[in-house]
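A.B. asks: I am attaching a structure below and will ask some questions about it afterwards.
Nothing in this text is a laboratory measurement; each read-out follows from the coordinates by a stated rule. As the structure is a prediction and not an experimental result, all values here were calculated from the model. For neighbour counting, all protein chains shown are included, and Cβ atoms are generated from backbone atoms with ideal geometry for every residue, glycine included.
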Amino acid sequence: MKQESSYIMKTSNIYDAAEAVELKMKQIHPKLFGLFCPVKYKLLSTEPVYVPYLFLVFHYSLVRGSKKEEAGRLSPFDRDGQIGVVFDMNEAHAFHYDLFDDLELVQLRKDAMEGRFMKASCTEQEAVRNSMEYAKWQYLRKVFHAIPEITLERKQFFVRQAVLLNLECRGRQYEKFAYQDRFGAKSEHISGLRVRLNV
């Protein structure tokens with residue numbers, strides 16, 4: 001029986017909790033014409049959390065050449081390469097990931113975690129399957145105008161440390177994450193995780 005590890009992989013922090021919250025509040029309060037913000041969010045409460053993610057690398061192969069091509073040799077029209085995907089297991093959606101970038105994962109003892117571990121809203125198998133479909137249909141098909149064969153090469157579970165913000169705006173309540181790693185500072189839309197296809 002496989003023994004469960006006492007460590008978990010996480011992205012490296014570059015902000016403390018207070019700095020992450022301040023940055024996030026600035027992101028959700030953009031100024032119109034640099035003068036004022038027409039929508040105001042009221043911060044009700046905060047909670048330290050760890051958000052589960054899955055990093056996956058897929059190999060793809062697209063054969064367009066003649067069947068008479070020498071075995072094991074690609075024609076000029078064939079494509080063979082890798083694509084990276086990061087899957088948010090809390091919100092159950094995938095992002096493309098730049099394979100030339102570095103997640104900068106570090107080990108963290110589980111008994112040293114300071115905050116609540118967010119429950120995944122899907123299984124690991126579902127995350128792999130959804131990531132594969134996303135890579136094929138939302139990205140590779142648009143790049144190559146065809147659906148290549150795709151297989152999973154490797155995967156890595158990790159967490160991102162964040163502050164869960166409970167917000168109120170116009171009588172409604174919302175939840176947002178203020179991530180403490182460098183990805184959280186770059187893009188609200190795709191969580192800062194960058195895209196690159198390795199061909």
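A.B. asks: With a Cα-only, solvent-free Debye model of segment 44-186, what are the log10 I(q)/I(0) values at q = 0.15 Å⁻¹?
C.D. replies: -0.85
A.B. asks: In nm, to one decimal, how far is the residue 175 label point from the residue 57 one, both placed 7 Å along Cα→Cβ?
C.D. replies: Roughly 3.3 nm, to one decimal.
A.B. asks: Counting only C-alpha contacts under 8 Å and six or more residues apart, can you give the relative contact order of segment 79-173 as a whole percent?
C.D. replies: Computed value for segment 79-173: 23 percent relative contact order.
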